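The values are calculated or read from the model by the stated rules, or taken from the named source; none is laboratory data. Please read these numbers as outputs of a predicted model, since none were measured by experiment. Neighbour counts are summed over all protein chains in view; Cβ atoms, including those assigned to glycine, are modelled from backbone coordinates with ideal geometry. These accessible areas exclude ligands, DNA and RNA; they are computed on the full protein's heavy atoms, side chains included. Shrake-Rupley method; radii C 1.70, N 1.55, O 1.52, S 1.80 Å.
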Amino acid sequence: QLQASGGGLVQAGGSLRLSCAASRSLSGMGWYRQAPGKQRELVALILRSGTTNYANSVKGRFTISRDNAKSTVYLQMNSLKPEDTAVYYCNAFEGIAAYWGQGTLVTVSS
């Protein structure tokens, strides 16, 4: 099970930090987002080894990290833009098993 937190309303240029705690350690953890009328897309993911992958649209602005001891993944979002407005979903996977957390809404006002 995944428990996400940290969404909210912020002005453009501001920052937010999302957190997602898993009930156990999993190989990969990450964040997806879904804006109104759009498909869910990958934002960032991080493997247990520390290897990361980011969507081009967030590179240089967002940073994903994880605390393996706490089975928690974080997404630090800086220089937020109105187009970052979406419901953000935590995701974790181990082998072929994938898990989703509840979404957390991030709204960036212009």
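When Phe62 is tested against the conditions (1) in contact with a Gly (Cβ under 6 Å, 6 or more places away or on another chain); (2) surrounded by 19 or more Cβ atoms within 10 Å (Cβ to Cβ), the lone failure is (1). Summed over segment 39-49, residues that are in contact (Cβ under 8 Å) with a residue 12 or more places away in the chain, closer than 11 Å to Gly28 by Cα and either open to solvent by 60 Å² or more (accessible area, probe 1.4 Å) or not β-branched (Val, Ile, Thr) (or both) total 4. In this structure, Leu80 does not qualify as aliphatic (A, V, I, L, M), closer than 16 Å to Gln34 by Cα, at pLDDT 95 or above and assigned to a strand (DSSP E or B).
The number of residues in segment 51-98 being closer than 17 Å to Glu41 by Cβ and among the basic types (Lys, Arg) comes to 3.
When residues in segment 83-101 are screened for being crowded, with 17+ Cβ neighbours inside 10 Å, assigned to a strand (DSSP E or B) and not aliphatic (A, V, I, L, M), 4 of them pass.
Being open to solvent by 60 Å² or more (accessible area, probe 1.4 Å), part of a loop (DSSP other than H, G, I, E, B) and within 18 Å of Tyr99 (Cα to Cα) is the filter here, so list the residues in segment 1-38 that pass it. Within segment 1-38, Gln1, Ser23, Arg24 meet the criteria. The single condition among (1) among the polar types (S, T, N, Q); (2) open to solvent by 50 Å² or more (accessible area, probe 1.4 Å); (3) over 10 Å from the mean Cα position of the chain (by Cα) that Ser71 does not satisfy is (2). State all residues of segment 65-102 that are closer than 18 Å to Ser15 by Cα and of a type in the set (Gly, Ala, Ser); if no residue qualifies, say none. Within segment 65-102, Ser65, Ser79, Ala86 meet the criteria.
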